[in-house]
Amino acid sequence: MGTLEELFGLDGRVAVVTGGSGVIGRTFARALADAGARVAILGRRGELCQAVCGEIDASGERALPLATDVLQEEQLVRARHAILDRWGRIDILVNAAGGNVPAATLSEGQSFFELGIDGFRQVLDLNLLGTILPCQVFGAAMVANDPSSGTIVTISSMAAQRALTRVAGYTAAKGAIDSVTRWLAVDLAQRYGGGIRVNAIAPGFFLGEQNRALLTHPDGTLTARGQRIVDQTPASRFGDTSELVSTLLWLCGDGSRFVNGVVVPVDGGFSAFSGV
């Protein structure tokens with residue numbers, strides 16, 4: 001069985017959070033640190049990563065800010081060297097970098113045939129390649145250190161499970177994330193004995209900077225799209241990022257050591273509801 005600390009604690013482990021300065025990534029970084037991990041916060045804007053580190057540990061002993069673009073392999077490799085130089089190991093990778101981009105979102109009344117392929121490619125690269133490359137760079141460090149232990153957690157989306165209007169590129173990217181999660185879980189287990197696990201979390205609808213204008217008016221009231229989402233969510237509200245934390249800690253800790261290749265919905269019942 002084990003104690004709660006043994007099942008869910010992360011003392012002595014080193015975690016990497018991509019997109020660590022974003023709304024979800026920042027919440028995850030703080031939660032991992034609170035559970036005992038030392039955390040490297042990666043993001044494109046170094047000053048924001050530094051701010052998150054200051055929230056966790058101003059001394060820098062438990063948090064490391066690293067300005068890193070997840071689409072630039074050489075920057076990821078530099079980040080890996082910095083983490084290994086500081087702490088000597090990598091045990092956890094959380095892929096929180098991603099999201100939608102305006103150029104890949106159809107406006108009201110616009111058809112799929114008018115979707116700009118450049119925007120589609122941009123959102124596909126950000127979410128899919130922005131996950132694949134960190135998995136390669138930091139996953140290799142896990143294998144080199146101890147292939148009997150390690151975990152990768154990626155952020156998926158309800159868009160991968162249910163057809164959401166207007167976000168064709170984001171839907172395609174997150175659908176690929178789910179597929180890669182399962183494939184990589186199997187591949188690493190077969191090659192290295194099942195010690196390194198790969199899972200994903202599929203959030204429902206959480207307000208962030210990328211979707212706020214789509215879902216709410218400036219005065220905070222819901223747009224028509226926001227209201228449709230709330231009506232389709234049995235919990236009758238948007239989620240709070242803090243409500244993702246317990247699932248993250250479960251997937252990162254030893255309490256889930258026989259959980260591999262799954263996508264866990266945290267969505268207030270959105271994926272279960274038929275609308276009737």
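Assorted remarks:
- With respect to the conditions (1) within 24 Å of Cys252 (Cα to Cα); (2) out of contact with any Lys or Arg (no Cβ under 7 Å at 6 or more places or on another chain), Phe113 lacks only one, and its number is (1).
- Given (1) outside the structural domain of Phe113 (by TED's automatic domain parsing); (2) closer than 29 Å to Gln122 by Cβ; (3) without any contact (Cβ under 8 Å) to a residue 60 or more places away in the chain; (4) surrounded by fewer than 19 Cβ atoms within 10 Å (Cβ to Cβ), number of the condition Ser274 does not satisfy: (2)
- Total residues in segment 239-276, condition among the aliphatic types (A, V, I, L, M), over 15 Å from the mean Cα position of the chain (by Cα) and over 19 Å from Ala189 (Cα atoms): 2
- When the test is whether a residue is surrounded by 13 or more Cβ atoms within 10 Å (Cβ to Cβ) and not assigned by TED's automatic domain parsing to the domain that holds Val94, Thr223 passes it.
- Of the residues making up segment 239-266, those that are of a type in the set (A, V, I, L, M, F, W, C) and in a helix (DSSP H, G or I) are Leu244, Val245, Leu248, Leu249, Trp250, Leu251, Cys252.
- Count - residues of segment 29-69 that are without any contact (Cβ under 8 Å) to a residue 24 or more places away in the chain, aliphatic (A, V, I, L, M) and surrounded by 22 or more Cβ atoms within 10 Å (Cβ to Cβ): 0
- Enumeration of residues in segment 85-108 that are over 18 Å from the mean Cα position of the chain (by Cα) and surrounded by 16 or more Cβ atoms within 10 Å (Cβ to Cβ): Trp87, Arg89, Ala104, Thr105, Leu106
- Just one of the numbered conditions (1) more than 19 Å from Lys174 (Cβ to Cβ); (2) touching a Leu at 6+ places or on another chain (Cβ under 8 Å) is not true of Leu133: (1).
- Residues of segment 193-206 satisfying the condition of being buried (at least 16 other Cβ atoms within 10 Å of the Cβ) and either more than 27 Å from Gln161 (Cα to Cα) or under 17 Å from the mean Cα position of the chain (by Cα) (or both): Gly195, Arg197, Val198, Asn199, Ala200, Ile201, Ala202, Pro203, Gly204, Phe205, Phe206
For (1) closer than 21 Å to Ala96 by Cβ; (2) charged (D, E, K, R); (3) not assigned by TED's automatic domain parsing to the domain that holds Gly130, each residue gets a yes or a no:
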residue	(1), (2), (3)
Gly150	yes, no, no
Ile155	yes, no, no
Ala163	no, no, no
Ala173	yes, no, no
Asp187	no, yes, no
Arg191	no, yes, no
Asn199	yes, no, no
Pro218	no, no, yes
Val230	no, no, yes
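The values are calculated or read from the model by the stated rules, or taken from the named source; none is laboratory data. Source: prediction; values computed, not measured. Cβ sites come from the backbone with ideal geometry, for glycine too, and all protein chains shown count toward neighbours.
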